[in-house]
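All of the numbers you see were taken from the coordinates with simple rules; none came from a lab. Note that this is a predicted model, so its numbers are computed, not measured. Glycine also receives a Cβ, built like all others from the backbone with ideal geometry; neighbour counts cover every protein chain displayed.
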Amino acid sequence: MKKIKIIKSVLKSTRADRIVLSFVMFCFISAFIIMIFEPDINTYGDALWYCYTVFSTTGFGTLEATTIVGKVISVILTIYTLFVVAIVTGVVVSFYTHYVQLKCDNSVFSIMDKLENLENLSKEELREISHRVKKIR
């Protein structure tokens, strides 16, 4: 649960949350347009299902676009999905890489600080440093 909060925070601080929100809004608007223009898709629920099959690239084949408007919306939705997935994945991976690097740096700095003051450390603290150095390697 904590990781989900962190990811939400990262998305918000990088403003990628706006991209995700605009994608969701585009999906709902696309479903409405599809419902209006496609003769075989008569309900909003069916239109949402169609949009889901397009952006998830599953393409179950139960519903398909037959009009030019429906096909163009489907292509735009697919391309938009690729961009959103790439951006959100990049943001999250970049954050975790930075987080791991900071954690490693903090650990190294902590060990270096203790090494500078070896004469003041107890045997237990020396064992702890030895153990942490072995983990870093």
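Once phi is turned into θ = phi - 60°, what whole-Hz ³J(HN,Hα) does the Karplus curve with 6.51, -1.76 and 1.60 give for every residue of segment 25-42, x standing for Gly and Pro?
4, 4, 4, 5, 5, 4, 4, 5, 5, 4, 4, 6, 8, 8, x, 8, 10, 9
Under the Karplus relation 6.51 cos²θ - 1.76 cosθ + 1.60, θ = phi - 60°, what is the ordered set of whole-Hz ³J(HN,Hα) values for segment 75-85, x standing for Gly and Pro?
5, 4, 5, 5, 5, 4, 4, 4, 5, 5, 4
If the reach is capped at under 30 angstrom between alpha carbons, list the lysines near Lys5, excluding any in the same chain fewer than eight residues apart.
Lys103, Lys135
Pairs of Cα atoms under 8 Å, at least six residues apart: use those to get the relative contact order of the chain, whole percent.
For the chain, the relative contact order is 23 percent.
How many times 2.2 N^0.38 Å is the alpha carbon radius of gyration of the chain?
1.78
Take Glu125, Glu38, Glu116, Glu64 and order them by how many other Cβ atoms sit within 10 Å, fewest up front. Don't jump to the answer; show the numbers that get you there.
Working: Glu125 13, Glu38 22, Glu116 9, Glu64 16.
The order, fewest Cβ neighbours first, is Glu116, Glu125, Glu64, Glu38.
Along Cα→Cβ, 7 Å out, is where each label goes; now give me the distance between the ones at Phe32 and Ile76 in nm to one decimal.
My value for the distance between the label points is 1.3 nm.
Calculate how steeply helix 44-55 sits against the longest principal axis of the alpha-carbon atoms of the chain, using the helix alpha-carbon long axis, and give the answer as 0 to 90 degrees to the nearest 10.
50 degrees
Is it possible to state the helix-based mean residue ellipticity at 222 nm for the chain, with each DSSP H run of 4+ residues giving -39500 (n - 2.57), the sum divided by total residues, to the nearest 500 deg cm²/dmol? What is it? Intermediate results must be reported in sequence, preceding the final value.
On the way: 5 runs with 109 residues, N = 137.
Using -39500 (n - 2.57) per qualifying helix, the result is -27500 deg cm²/dmol.
To make sure I understand the rule: partners must be aspartates and glutamates, Cα under 17 Å from the Cα of Lys8, and not fewer than 8 residues away in the same chain. Which ones qualify?
Excluding near neighbours in sequence, the set is Asp17.
Karplus couplings for segment 88-100 from phi (6.51 cos²θ - 1.76 cosθ + 1.60, θ = phi - 60°), rounded to Hz, Gly and Pro as x?
5, 4, x, 5, 5, 5, 4, 4, 5, 4, 5, 4, 5
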